[in-house]
Amino acid sequence: MHVAVTGGSGFLGARLARALLAAGALDAAGGGVGELSRMTLIDQAPGPADLTADRRVTAIRGDLAGLLGPGGAGREAIADADVIFHLAAAVSGECEADFDLGIRANLHGTEALLAACRAAETNPVVVYSSSVAVFGTSGEHPLPAVVQDDTLPNPQTSYGIQKFIGEQLLADYTRKGFLRGRAIRLMTISVRPGRPNAAASGFLSGIIREPLAGLRAVCPVAPDTEVVLASPAKAIGGLMCAATSSDQAWGGRTAVNLPALTVSVAGMADALERAAGPGARALIDWVPDPAVARMFATWPARVQSARAARLGLTPDPDMDSLIRMYLAESRP
C-alpha cells in the first residue's frame, strides 16, 4: 500500500502521517487490509525529521500544481498511490487577504491533483479535506439554526467557495470513474499546538494555548459567539474513516459533515479557568475585530450529522476534554 499526503508537513498532515505509519496498514475503501510500505509527503515546507527518518517515507517539496504538472516531481508519486489524502491548502485568513494565493493553492492545486489521478488511470481513493466554511448565511439564503446533512452550502468567504468548488470537482471525477473521492468537512480544530497560523479561526486555539503557556492572547469576537470545534484526534479519525469505509457505508458522492462540539467563546474561557485558574483566563484580551466577527457571523454554530453518526463518528464531549488532550500531549 502506497499512501500520499499533500500538506504532509503541516500540523494535520504530519499528525495523520504518524498515525498511518504507527498503524502500519490500511484498509482502503473496505477492499482489504494492505501493509503500508510507502508514504509520500508533498508540501512546500520540509518534511518533519521524525517522519523523513522512517525508511517508508519520501518527502517532495514544492508548489503542488507545479509538482503535478507534466514532468513534475510529484506526478509519479500520485500515479503510484493507492490512497491520497489531499490536505494542502491556503487557510481562510490568507485567502481573504490574498485572493490569488487562494485560487492558486486551493483551486489550481486541487485541479492539478485530480487531473494527475485521471491521467494515471489507477482509480485511487482520494480523501479531500473540506471545511465547515462551505456554509454561510445571506439575505436570500439564511443559515438554519442547525446545519444538517442536507443543508445547502452557501459560502461567504473565498476560502469556503474554493473548498466547495473542490468538493464538486471531486464528486464529478468520482462520477466519471477517474477516482474514488471522499470529501469531509472539518470543523475548527482546537487545541492546535505550536505557532499560530493565518486562519481566521486560529484564535480558537490561541486563547487556550497561549494562556496555558503564560502568554497573552487576543480574542477578536464577542464572548457569546458560538463556534463548532473538534479535537485533532477527532479530525484524524474522520480522515481515516473516509479512507477506509466501503462505498456502501460511505453513501454517496456528497461531502460528510464531521461531528462538532458547540461551545461559546466564553465557555472556552470557563474551561480554561477550570484547567489553569483565573490567572490564565485573565491573559485573554477581548479586542473586537469587525472583519473576523463578520466572518464568524456567517459560519454555522451547530452541526448535526446523521451520516457521520452512521459511520461511527462522534463529537468531542466538552471543551474540558479538548484542553486535557492538549495538556497531555504538550507535557514532556
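The values are calculated or read from the model by the stated rules, or taken from the named source; none is laboratory data. In this text the structure is predicted, and so the values were computed from the model without any measurement. In this analysis, Cβ positions are derived from the backbone assuming ideal geometry, glycine residues included, and neighbour counts consider all displayed protein chains. Each accessible area value is taken on the protein alone, full model and side chains, heavy atoms only, with ligands, DNA and RNA left out. Shrake-Rupley method; radii C 1.70, N 1.55, O 1.52, S 1.80 Å.
In segment 313-330, the residue that is least open to solvent (accessible area, probe 1.4 Å) out of those that are touching a Pro at 6+ places or on another chain (Cβ under 8 Å) and over 30 Å from residue 251 (Cβ atoms) is 326.
Residues in segment 213-256 that are of a type in the set (Asp, Glu), more than 20 Å from residue 299 (Cβ to Cβ) and assigned to a loop (DSSP other than H, G, I, E, B): 0 in all.
From the list 139, 194, which residue is open to solvent by 60 Å² or more (accessible area, probe 1.4 Å) and either modelled with pLDDT under 95 or out of contact with any strand residue (DSSP E or B) (no Cβ under 8 Å at 6 or more places or on another chain) (or both)? Can you show your working first?
Working: 194 fails: open to solvent by 60 Å² or more (accessible area, probe 1.4 Å).
The conditions single out 139.
In a loop (DSSP other than H, G, I, E, B), surrounded by fewer than 20 Cβ atoms within 10 Å (Cβ to Cβ), at pLDDT 95 or above and of a type outside the set (A, V, I, L, M, F, W, C): is that true of residue 55 in this structure? Spelling it out, residue 55 is indeed in a loop (DSSP other than H, G, I, E, B), surrounded by fewer than 20 Cβ atoms within 10 Å (Cβ to Cβ), at pLDDT 95 or above and of a type outside the set (A, V, I, L, M, F, W, C). All conditions in (1) open to solvent by 30 Å² or more (accessible area, probe 1.4 Å); (2) part of a helix (DSSP H, G or I); (3) at pLDDT below 95 hold for residue 77, with the sole exception of (1). Scanning segment 80-94 finds one or more residues that are in contact with a His (Cβ under 7 Å, 6 or more places away or on another chain), of a type outside the set (D, E, K, R) and surrounded by 21 or more Cβ atoms within 10 Å (Cβ to Cβ).
Within segment 143-196, the residues that satisfy the criterion of being farther than 25 Å from residue 322 by Cβ, small (Gly, Ala, Ser) and touching a residue at least 60 places away in the same chain (Cβ under 8 Å) are 158, 166, 171, 181. Scanning segment 130-186 for residues that are within 21 Å of the chain's Cα centre (by Cα), aromatic (Phe, Trp, Tyr) and part of a loop (DSSP other than H, G, I, E, B) yields a total of 1.
Could you please give the count of residues in segment 271-312 that are surrounded by fewer than 17 Cβ atoms within 10 Å (Cβ to Cβ), in contact with a strand residue (DSSP E or B) (Cβ under 7 Å, 6 or more places away or on another chain) and outside any loop (DSSP other than H, G, I, E, B)? Count: 2. The C-beta contact set for segment 289-316 (first residue under 15 Å from residue 131 (Cβ atoms), second residue among the aromatic types (Phe, Trp, Tyr), distance under 8 angstrom, 6+ apart or interchain) comprises 299/135; 300/135.
Can you tell me which residue in segment 58-74 is least open to solvent (accessible area, probe 1.4 Å), limited to those that are under 30 Å from residue 156 (Cα atoms) and touching a helix residue (DSSP H, G or I) at 6+ places or on another chain (Cβ under 6 Å)?
Residues of segment 58-74 under 30 Å from residue 156 (Cα atoms): 62-66, 68.
Now narrow it down to the ones that are touching a helix residue (DSSP H, G or I) at 6+ places or on another chain (Cβ under 6 Å): 64-65, 68.
Details: 64: 19, 65: 30, 68: 3 Å².
So the residue we want is 68.
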